[in-house]
């Protein structure tokens with residue numbers, strides 16, 4: 001899943017990202033809510049000048065001029081003395097701040113409104129309290145604080161039920177479903193969204209029905225992705241039965257998701273607007289996604305390539321949906337959602353090989369940049385600039401690509417957004433590598449990893465299901481840096497090979513920690529790391545460590561001696577061939593009653609261990625510790641055979657996912 005799509009989806013699936021604007025933005029002049037879905041009591045105890053100021057802010061907001069709307073409402077606020085009137089302006093301000101991505105300010109404005117509504121006893125204030133809780137909860141979800149969002153939404157639902165307000169209940173249930181969805185709690189998410197859909201149908205509210213159907217589709221897409229990820233792990237472990245079961249479950253959920261998206265698009269068609277846009281975009285994305293490999297590659301080329309080309313029918317379907325989306329967006333005011341929609345629509349067109357598709361993609365990205373700048377959203381501007389940089393990167397215009405990428409980095413730095421910054425540092429590294437500036441490329445990759453390390457814990461806390469995007473959005477950064485460093489060593493451009501190998505190993509250790517942290521989704525990895533042994537323990541234990549590094553075009557073994565010195569050894573076989581050989585050994589080992597596996601065990605020994613034999617003999621380690629990568633994790637190293645003896649007969653063997661997490665303890669064989 002691309003980072004642009006992930007960000008667009010994370011925002012647009014929020015059930016009331018735009019629907020609840022009807023509740024938070026009041027049309028003071030007409031006595032009705034803008035985009036009104038609920039009629040509430042309007043404030044009346046204000047002067048004509050105050051009405052004019054607030055109305056001017058409404059007009060700015062409707063035109064997508066959110067910063068002007070904020071300035072106008074901030075000017076009006078001190079002049080208003082009635083508490084409920086103040087609360088209304090606070091909710092307006094909150095909505096505008098949210099539109100430009102300033103979520104802490106939005107939350108603060110809703111908090112002030114909530115404090116006022118809690119002191120009021122009338123029915124309209126109780127309804128407004130439930131509404132404001134729902135909106136504030138969604139802002140917390142935007143920040144990744146989903147558990148806090150859930151607590152607020154449960155309160156909002158209780159209030160809505162107490163107030164006998166089914167529309168707000170439907171809204172809060174939808175937002176609750178999205179919070180659970182973001183945490184990967186799919187069963188709870190489905191229950192909440194189905195409840196929201198049921199209420200919406202009882203109310204015959206077409207807009208809410210379309211949105212709930214779309215959100216249900218998103219949940220099934222995420223469930224399918226999880227099953228695909230688990231199927232990949234099962235395949236890696238050689239569990240064919242489990243692989244088939246999980247793959248079937250993934251396919252069933254994708255089919256269910258498509259049904260929901262189609263129903264959402266059909267329901268929303270009479271309405272037009274963003275509800276139909278979301279469903280059509282999700283349909284396009286689902287089709288494109290179905291052509292991508294389950295296992296992402298380790299380079300930009302592999303990440304963006306399709307497993308098989310789109311059929312002519314599929315291309316026609318995607319183009320038709322794209323045209324409809326563009327028609328709808330013309331009528332939609334500028335907003336962050338419009339900017340991200342344009343970015344993701346551009347990615348749809350970029351999947352077509354035609355020059356017309358590429359040019360269409362460029363125009364959409366330039367339009368997205370214009371929208372982001374118009375509303376003053378630096379985060380959206382950063383993504384638009386970075387996406388433009390990637391467009392020029394793919395066309396080979398590296399000077400223009402680097403200029404745009406640097407600007408994207410600057411925008412991300414201005415708002416302290418390392419979650420987007422690392423993408424552009426990574427992109428800068430790729431561009432520099434392509435232009436032959438290897439040293440600067442290495443520096444850019446190291447900066448990207450530093451940014452990633454600073455947010456890994458926050459990402460996991462924000463979304464337990466981010467492990468499903470790990471192989472696409474995180475892992476390649478580490479692997480491409482290792483590949484770059486190893487290429488430098490082989491070309492002789494690294495004056496200090498030992499230092500460069502240490503950088504490779506350090507990067508691999510960071511990757512292994514990130515993988516485990518991503519898998520477990522909690523702090524257990526950090527706890528284990530704090531308890532791990534120091535390097536001195538390896539020296540005292542006379543332990544040698546063998547790392548394997550599997551990259552797109554190579555496999556490398558790195559031997560670390562007890563004194564810390566390192567040496568690398570290329571594995572003389574391609575990655576696909578290695579996978580075939582490892583799978584064959586794994587299959588033969590399951591027939592434990594025979595010795596059919598021995599020739600294959602010797603073959604793998606010759607590939608992996610034979611090149612190290614002389615150095616191992618010189619080191620004479622007391623223990624060998626293997627830190628295996630990828631398919632090599634399938635290999636029981638003890639079973640490797642040199643033609644006379646098993647490896648376990650030569651050395652005590654240890655296997656660990658990461659040396660950084662390893663503790664050593666002497667075994668008392670008498671116990």
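The values are calculated or read from the model by the stated rules, or taken from the named source; none is laboratory data. Just so you know, these numbers come straight off a predicted model, no measurement behind them. Cβ sites come from the backbone with ideal geometry, for glycine too, and all protein chains shown count toward neighbours.
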Completion exercise
residue 94 meets each of (1) surrounded by fewer than 16 Cβ atoms within 10 Å (Cβ to Cβ); (2) closer than 30 Å to residue 411 by Cβ with one exception, condition (1)
Exercise for the section: Name every residue in segment 307-321 that is modelled with pLDDT of 90 or more and either in contact with a helix residue (DSSP H, G or I) (Cβ under 6 Å, 6 or more places away or on another chain) or not in a helix (DSSP H, G or I) (or both), in order of residue number. Expected result: 321
Exercise for the section: Would you mention how many residues in segment 228-255 are crowded, with 18+ Cβ neighbours inside 10 Å and within 24 Å of residue 174 (Cβ to Cβ)? Expected result: 2
Handout entry: Test for residue 474: is it modelled with pLDDT of 90 or more, buried (at least 17 other Cβ atoms within 10 Å of the Cβ) and farther than 17 Å from residue 433 by Cα
Key = no
Practice task
Determine, yes or no, whether residue 303 is part of a helix (DSSP H, G or I), at pLDDT below 90 and farther than 26 Å from residue 276 by Cβ.
Solution key: yes
Exercise for the section: Identify, by number, the condition in (1) at pLDDT 90 or above; (2) surrounded by fewer than 24 Cβ atoms within 10 Å (Cβ to Cβ); (3) out of contact with any helix residue (DSSP H, G or I) (no Cβ under 7 Å at 6 or more places or on another chain) that residue 88 doesn't meet. Expected result: (2)
Exercise for the section: Quick one: count up the residues across segment 146-179 that are surrounded by fewer than 19 Cβ atoms within 10 Å (Cβ to Cβ) and not in a helix (DSSP H, G or I). Expected result: 2
Practice task
Of the conditions (1) in contact with a helix residue (DSSP H, G or I) (Cβ under 9 Å, 6 or more places away or on another chain); (2) over 30 Å from residue 477 (Cβ atoms), residue 625 clears all except one; give me its number.
Solution key: (2)
Handout entry: Output for segment 251-276, where each listed residue is in a helix (DSSP H, G or I) and more than 21 Å from residue 194 (Cβ to Cβ)
Key = 251, 273, 274, 276
Completion exercise
Within segment 556-573, residues being free of Cβ contacts under 8 Å to residues at least 60 places away in the same chain and under 14 Å from residue 632 (Cβ atoms) number 5
Handout entry: Evaluation of residue 260 against (1) over 28 Å from residue 153 (Cα atoms); (2) surrounded by 21 or more Cβ atoms within 10 Å (Cβ to Cβ) (one fails), failing number
Key = (1)
Practice task
List every residue pair whose Cβ atoms lie under 9 Å apart, where the two residues are 6 or more positions apart in sequence or sit on different chains, the first residue falls within segment 214-225 and is closer than 13 Å to residue 289 by Cβ, and the second residue, located anywhere, is not in a helix (DSSP H, G or I).
Solution key: 218/13; 222/184; 225/1
